[in-house]
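Q: Okay, here's the structure, questions in a sec.
The values are calculated or read from the model by the stated rules, or taken from the named source; none is laboratory data. If you're wondering where the values come from, they're calculated on a predicted model, not measured in any experiment. As a convention, Cβ positions derive from the backbone with ideal geometry for all residues, glycine included, and neighbour counts pool all protein chains shown. Note: areas computed on protein heavy atoms with side chains; ligands, DNA, RNA excluded. Shrake-Rupley method; radii C 1.70, N 1.55, O 1.52, S 1.80 Å.
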Amino acid sequence: MTRQRYLVVIMLFLLTIITFMDRICISTASDFIMADLHISKQTMGFIFGIFAVSYALFQIPSGWLADTYGPRRSLLFAVSFWSLFTALTGAAWNAGSMLITRFLFGAGEAGAFPGASRAIFNWVNAKERGLANGIFHSGGRVGAAATLFLMPWLIHWVGWRGTFLINGIIGIVWAIIWLAWFRDSPRQHKKADETECRHIEETSGEASASEPVPFGIIITSSNMVLAMFQSVASNVTFFISLSWLFPYLKSQWGAGTERFAPVPLIVGMIAHWSSGALVTILHKKGHSVGSRRGPALIGFALAAAGLVLCTQVAPTTATLFIACFSLAIFGVEMTMAPSWTFCMDMGGTKSGAVSGTMNMMGNLGSAASAVSFPYFVDHVTIPRFVEKTGTANSFFIFAATLNALAFVAWIFMDPRRSFNISLSGAAVRLRLTLFMLSVVVALLSLYFYKALSLK
C-alpha cells in the first residue's frame with residue numbers, strides 16, 4: 001500500500017503552522033506598527049478585532065467552497081489570498097489601510113480549517129481521522145510557540161514590514177506545492193495505488209455522512225448545537241494562552257515569568273497527538289462513538305480540574321500556576337481531535353461547511369475570552385471562591401464551569417443520531433436565518449464592546 005495520505009496530513013500540519021505564524025505575527029510587531037504608523041492602542045484594538053470578525057463571518061462560506069469546488073482549489077485560493085494580504089500588511093501606510101488589509105487577511109484565513117477538514121475527509125479512512133486531526137491541529141500550537149520565539153528576532157533583523165513579506169512568501173510557496181502535488185480524490189493521484197484507495201474508501205461514509213441531508217438541518221440539529229457549545233467552551237480556555245497569559249504572568253509574578261508563556265502551547269501540541277492516537281485506537285477496536293466521546297470527556301474533565309487548581313495557587317509560585325494552567329490547556333486540546341472528527345462523521349460530504357460552522361462558534365468563544373478576561377480580573381468576585389479582585393481566579397472558575405457543562409454536552413453527542421428531515425423548506429430557512437442573525441449580533445456586540453471599552 002502506498003502512503004500518500006500521510007503526506008496529505010503532513011502538508012496540512014505545515015499549513016496550520018503557517019496560519020498561526022501569520023495571525024500572531026502582528027501581535028509581536030504591534031509596538032513597532034503603532035510607532036511607525038502613529039496608531040493609538042484603541043485603534044490597534046480595532047485592527048486586532050477586525051481579523052476576528054472577518055475570520056468568523058467567512059467560516060461557513062469557506063466551508064461551502066471547499067465542499068463545492070474541492071479542497072485543492074479552495075485551499076489554493078484561500079492560502080494565496082491570505083498570504084497576499086499578509087505580505088501587504090507590511091505595505092500599510094496608515095490605520096485605514098491596515099484595517100482593510102487585516103479584514104481581508106481574516107477572510108482568507110477563514111478557509112484554512114474547513115478546507116483542510118474536507119481534505120482529511122476525502123483522504124483519510126474514518127478509523128484514522130482522529131490521529132490525522134490531532135497531527136493537523138497540533139501544527140497551530142507549533143506555529144504559535146515558534147512565533148513567540150522567532151518573530152521578535154526576525155523583526156529585529158529585517159523590520160516588521162520585511163517580516164510580513166517573508167511570511168507571505170512562505171504561504172505562497174506552500175500554495176504552489178499544494179497545487180502541483182495534491183488532488184481532491186486519492187483516485188485522481190498518480191502515486192496513490194489501488195490498495196490505498198480502497199483502504200481510504202473502506203469506511204468513508206459512516207453514520208449520517210451518506211444521507212442527503214440539507215445543510216440547514218445539520219447545523220441547527222441538537223448534535224450540532226452541542227458541538228458548537230463545546231467548541232465555545234474549549235476556546236474560552238485555550239485563547240487565554242494566545243492573548244492574556246503573557247501579560248498576566250508578568251503582572252502577577254514579575255518580569256521574567258512571561259518566558260513560561262509558550263509552555264502551555266507545547267503541552268497542547270502533545271495533547272493533540274495523544275488524543276488523536278486515542279481516537280484512532282478506540283475506533284479500530286470498534287468503538288465508533290466512544291472513540292469520539294471518551295477522549296473529549298477526559299479532556300474537559302482535565303480542563304475543569306486544571307482551571308480550579310489555578311485558583312488555589314499561591315501568588316508567589318509562577319511555575320506551579322503554569323503547571324496547573326498547562327493541565328487545563330492539555331485538557332481542552334484533547335477535545336480538538338474528537339470534535340473535528342465528529343463534524344466529519346456528521347457532515348459527510350458537507351464536512352467543510354459543518355466544521356466551519358463549529359469553528360466559527362469556537363472563535364466567538366475566543367473573542368468572548370479576550371474581551372471578558374480583563375473584566376473578570378478587575379470587577380468580578382465569587383463568594384467563597386474568589387473574595388477579591390486583582391487576579392484571574394473568577395475567570396478560571398467561569399471557564400471551569402463551561403468546561404464542566406461541555407463534559408455533560410458530550411454525553412449526549414452521538415454522530416449516529418438521525419436528522420429530522422421532515423422539516424419543511426420554509427422551516428429550515430427560518431431556523432438557518434435566526435441562527436445566522438444571532439451569530440452576527442453576537443459578533444458585533446463583542447467587537448464594539450471591546451473597541452469601546454479599550455482604554
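Q: Among (1) open to solvent by less than 10 Å² (accessible area, probe 1.4 Å); (2) within 30 Å of L423 (Cβ to Cβ); (3) at pLDDT 90 or above, where does N235 come up short?
A: Unmet for N235, out of (1) open to solvent by less than 10 Å² (accessible area, probe 1.4 Å); (2) within 30 Å of L423 (Cβ to Cβ); (3) at pLDDT 90 or above: (1).
Q: State whether one or more residues within segment 20-42 are over 20 Å from L165 (Cα atoms) and in a helix (DSSP H, G or I).
A: yes
Q: In addition: Quick one: which helices (runs of 4 or more DSSP H) sit completely within segment 329-429 and have at least 3 residues that are surrounded by fewer than 22 Cβ atoms within 10 Å (Cβ to Cβ) and not aromatic (F, W, Y)?
A: In segment 329-429, the matching helices (runs of 4 or more DSSP H) lie at 351-379, 393-411.
Q: Please go through segment 265-299 and give me each residue that is part of a helix (DSSP H, G or I), of a type in the set (G, A, S) and surrounded by fewer than 18 Cβ atoms within 10 Å (Cβ to Cβ), ordered by number.
A: A277, G290, G294
Q: Do you know which residues across segment 2-19 are open to solvent by 40 Å² or more (accessible area, probe 1.4 Å) and in a loop (DSSP other than H, G, I, E, B)?
A: The one that is open to solvent by 40 Å² or more (accessible area, probe 1.4 Å) and in a loop (DSSP other than H, G, I, E, B): R3.
Q: Name the residues in segment 30-41 that are within 22 Å of A107 (Cα to Cα) and either touching a Pro at 6+ places or on another chain (Cβ under 9 Å) or surrounded by fewer than 20 Cβ atoms within 10 Å (Cβ to Cβ) (or both), would you?
A: S30
Q: Follow-up. Looking at this structure, is R161 of a type outside the set (A, V, I, L, M, F, W, C), over 25 Å from H272 (Cα atoms) and in a loop (DSSP other than H, G, I, E, B)?
A: no
Q: Only residues that are under 23 Å from N359 (Cβ atoms) and either part of a loop (DSSP other than H, G, I, E, B) or among the β-branched types (V, I, T) (or both): list them for segment 94-107, please.
A: If the condition is that a residue be under 23 Å from N359 (Cβ atoms) and either part of a loop (DSSP other than H, G, I, E, B) or among the β-branched types (V, I, T) (or both), then T101 is the only one that fits.
Q: Tell me which residues, restricted to segment 373-400, are out of contact with any Ser or Thr (no Cβ under 9 Å at 6 or more places or on another chain) and in contact (Cβ under 8 Å) with a residue 24 or more places away in the chain.
A: Answer for segment 373-400, where residues must be out of contact with any Ser or Thr (no Cβ under 9 Å at 6 or more places or on another chain) and in contact (Cβ under 8 Å) with a residue 24 or more places away in the chain: there is none.
Q: For segment 83-93, does any single residue satisfy the condition of being assigned to a helix (DSSP H, G or I), in contact with a Pro (Cβ under 8 Å, 6 or more places away or on another chain) and in contact (Cβ under 8 Å) with a residue 60 or more places away in the chain?
A: Among the residues of segment 83-93, not one is assigned to a helix (DSSP H, G or I), in contact with a Pro (Cβ under 8 Å, 6 or more places away or on another chain) and in contact (Cβ under 8 Å) with a residue 60 or more places away in the chain, which makes the answer no.
Q: Filter segment 81-114 down to the residues that are over 14 Å from Y55 (Cβ atoms) and within 20 Å of the chain's Cα centre (by Cα) and list them by number.
A: Within segment 81-114, S83 is the sole residue that qualifies.
Q: Follow-up. Could you go through segment 55-71 and let me know if any residue there is farther than 30 Å from Q4 by Cβ and hydroxyl-bearing (S, T, Y).
A: Yes, there is a match, as at least one residue in segment 55-71 is farther than 30 Å from Q4 by Cβ and hydroxyl-bearing (S, T, Y).
Q: Moving to a separate point now. Looking only at segment 195-202, decide whether some residue is surrounded by 16 or more Cβ atoms within 10 Å (Cβ to Cβ) and among the polar types (S, T, N, Q).
A: Scanning segment 195-202, I find no residue that is surrounded by 16 or more Cβ atoms within 10 Å (Cβ to Cβ) and among the polar types (S, T, N, Q), so the answer is no.
Q: Would you mention how many residues in segment 300-325 are open to solvent by 10 Å² or more (accessible area, probe 1.4 Å) and closer than 30 Å to G356 by Cβ?
A: Here the count works out to 3.
Q: Still on this structure, I have one more. Go through (1) within 14 Å of the chain's Cα centre (by Cα); (2) under 17 Å from A409 (Cβ atoms) for F342 and report which single condition fails.
A: (1)
Q: Let me ask you something else. Which of the numbered conditions does S243 fail, given that it passes all the others? Conditions: (1) within 20 Å of F407 (Cα to Cα); (2) in a loop (DSSP other than H, G, I, E, B); (3) not aliphatic (A, V, I, L, M).
A: S243 satisfies every listed condition except (1).
Q: Among the numbered criteria (1) buried (at least 21 other Cβ atoms within 10 Å of the Cβ); (2) at pLDDT 90 or above, which single criterion is violated by L88?
A: (1)
Q: Of the numbered conditions (1) closer than 13 Å to F32 by Cβ; (2) touching a helix residue (DSSP H, G or I) at 6+ places or on another chain (Cβ under 8 Å); (3) of a type in the set (D, E, K, R), R161 satisfies every one except a single condition; which is it?
A: Among (1) closer than 13 Å to F32 by Cβ; (2) touching a helix residue (DSSP H, G or I) at 6+ places or on another chain (Cβ under 8 Å); (3) of a type in the set (D, E, K, R), R161 violates only (2).
Q: On the basis of being open to solvent by 40 Å² or more (accessible area, probe 1.4 Å) and modelled with pLDDT under 90, does S54 make the cut?
A: Against the criterion (open to solvent by 40 Å² or more (accessible area, probe 1.4 Å) and modelled with pLDDT under 90), S54 does not qualify.
Q: What residue, of T311, T341, T317, is farther than 30 Å from K250 by Cβ and among the β-branched types (V, I, T)?
A: Among T311, T341, T317, only T341 is farther than 30 Å from K250 by Cβ and among the β-branched types (V, I, T).
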